[in-house]
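Trainee: Input: one structure, supplied below.
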Amino acid sequence: MTLAGRDFLKESDFTADELDHLLVLAAELKSAKRAGTEIPRLTGKQLALIFEKTSTRTKVSFEIAMRDQGGHVSVLDPSTSQIGHKESVADTARVLAQLFDGIEYRGADHANVEELARYSSVPVYNGLTDTWHPTQMLADFLTMREHAAGPEISYAYVGDARYNMGNSLLIMGAIMGADVRIVAPQHVWPSEEIQTLARERAAVSGARVTITDDVEQGIVGAQFVHTDVWVSMGEPADVWAERIAALTPYRVDSALMALTGRDDARFMHCLPAYHDQNTAIGRRIADEFGLVDGVEVTGQVFESGASIVFEQAQNRMHSIKAVLVATLATT
């Protein structure tokens, strides 16, 4: 299978076999790095990293992946790029494609990364938009495969499901034949369009798709429980009261984890997480709303043996490396 020259913008652009190819490659590259036998296949390649939204895991994962493979990166952020301000997205794409072998974009509007890809003659990678988070999905599935009790993957996403993590976990699971559940209040479910797409892909793969506001119905039997922050980057601070009122019943605590009915249930989070008061937001929410032991997840769950969030974070690099090797390597 070859994915040379392909963009990586959203999960639904790929077949299950293509995504499985990337996951297998990620596992192989991870093993090779640990064994000290990794073979650089991107020597001399240049990658532009555009960050309109701040980043920790995405930025360092792309940087390390390219460095391990012999390539180089240049980072462009709002202070060092004219994209969308003095220069259009289309013009930026055509300029950068003359200088780089690939372009990564992390920002709000998914239309921007689609436009970059439309006008670029080199592969474009979605590091995150408000709608999709495909590199996170590869890391999540790699992590779940490493911990799964058997060949079937069963997981529930709990919380605000109308943005990138809810959308991507729903669609990736539908494509890959998983038992995927979205557990959230109805007003924060994925859009009807995305739900329809999930059911279409599930009809092909045999996936089981559940979308419910009933916590017990959605959680029972799931081996993996995912969540994300309740207020995303760029949203106003005054939405916290509304989100906490709506989402506190969906907070991942020990009682919710117990609803899985599984001793091997694992907790996952794309990070950062507000699980204690060691962040400015964590302290503010504790002071204003009384959630002293975490917001979307309690510290007890986050720090427990069920939590595999840091393995999940490490796998961002291995899975991103797989995408780069699959799309940029010439040998």
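The values are calculated or read from the model by the stated rules, or taken from the named source; none is laboratory data. Please read these numbers as outputs of a predicted model, since none were measured by experiment. Here the Cβ is made from the backbone with ideal geometry for all residues, glycine too, and neighbour counts use every protein chain on show.
Trainee: Name the one entry in Gly5, Gly44 that is in a loop (DSSP other than H, G, I, E, B), touching a residue at least 60 places away in the same chain (Cβ under 8 Å) and farther than 21 Å from Asp130 by Cβ.
Mentor: On the way: Gly44 fails: touching a residue at least 60 places away in the same chain (Cβ under 8 Å).
After applying the criteria, what remains is Gly5.
Trainee: Going by the conditions given, is Leu99 of a type in the set (A, V, I, L, M, F, W, C), on the phi < 0 side of the Ramachandran plot, surrounded by fewer than 23 Cβ atoms within 10 Å (Cβ to Cβ) and outside the structural domain of Ala222 (by TED's automatic domain parsing)?
Mentor: Considered against the rule, which asks whether it is of a type in the set (A, V, I, L, M, F, W, C), on the phi < 0 side of the Ramachandran plot, surrounded by fewer than 23 Cβ atoms within 10 Å (Cβ to Cβ) and outside the structural domain of Ala222 (by TED's automatic domain parsing), Leu99 comes out as yes.
Trainee: Find the helices (runs of 4 or more DSSP H) located wholly in region 276-331 whose residues include 2 or more that are over 13 Å from Leu138 (Cα atoms) and touching a strand residue (DSSP E or B) at 6+ places or on another chain (Cβ under 8 Å), and list them.
Mentor: 299-302, 309-328
Trainee: Can I ask one more? Can you find even one residue in region 264-278 that is within 22 Å of Ile219 (Cα to Cα) and over 22 Å from the mean Cα position of the chain (by Cα)?
Mentor: So far as region 264-278 goes, yes, one or more of its residues are within 22 Å of Ile219 (Cα to Cα) and over 22 Å from the mean Cα position of the chain (by Cα).
Trainee: Let me ask something additional. Which residues, taken from region 67-95, are touching an Asp or Glu at 6+ places or on another chain (Cβ under 9 Å), over 12 Å from Leu116 (Cβ atoms) and part of a helix (DSSP H, G or I)?
Mentor: Matches in region 67-95: Asp68 only.
Trainee: Across region 63-96, what is the total count of residues that are closer than 12 Å to Leu47 by Cα, surrounded by fewer than 19 Cβ atoms within 10 Å (Cβ to Cβ) and of a type outside the set (A, V, I, L, M)?
Mentor: Residues in region 63-96 being closer than 12 Å to Leu47 by Cα, surrounded by fewer than 19 Cβ atoms within 10 Å (Cβ to Cβ) and of a type outside the set (A, V, I, L, M): 5 in total.
Trainee: Can you tell me which residue within region 224-255, out of those that are at pLDDT 95 or above and within 22 Å of Glu11 (Cα to Cα), is surrounded by the fewest Cβ atoms within 10 Å (Cβ to Cβ)?
Mentor: Val229
Trainee: Quick check, is Arg145 surrounded by fewer than 24 Cβ atoms within 10 Å (Cβ to Cβ), more than 30 Å from Ala245 (Cβ to Cβ) and not hydrophobic (A, V, I, L, M, F, W, C)?
Mentor: Here the answer is yes, as Arg145 does meet what is asked.
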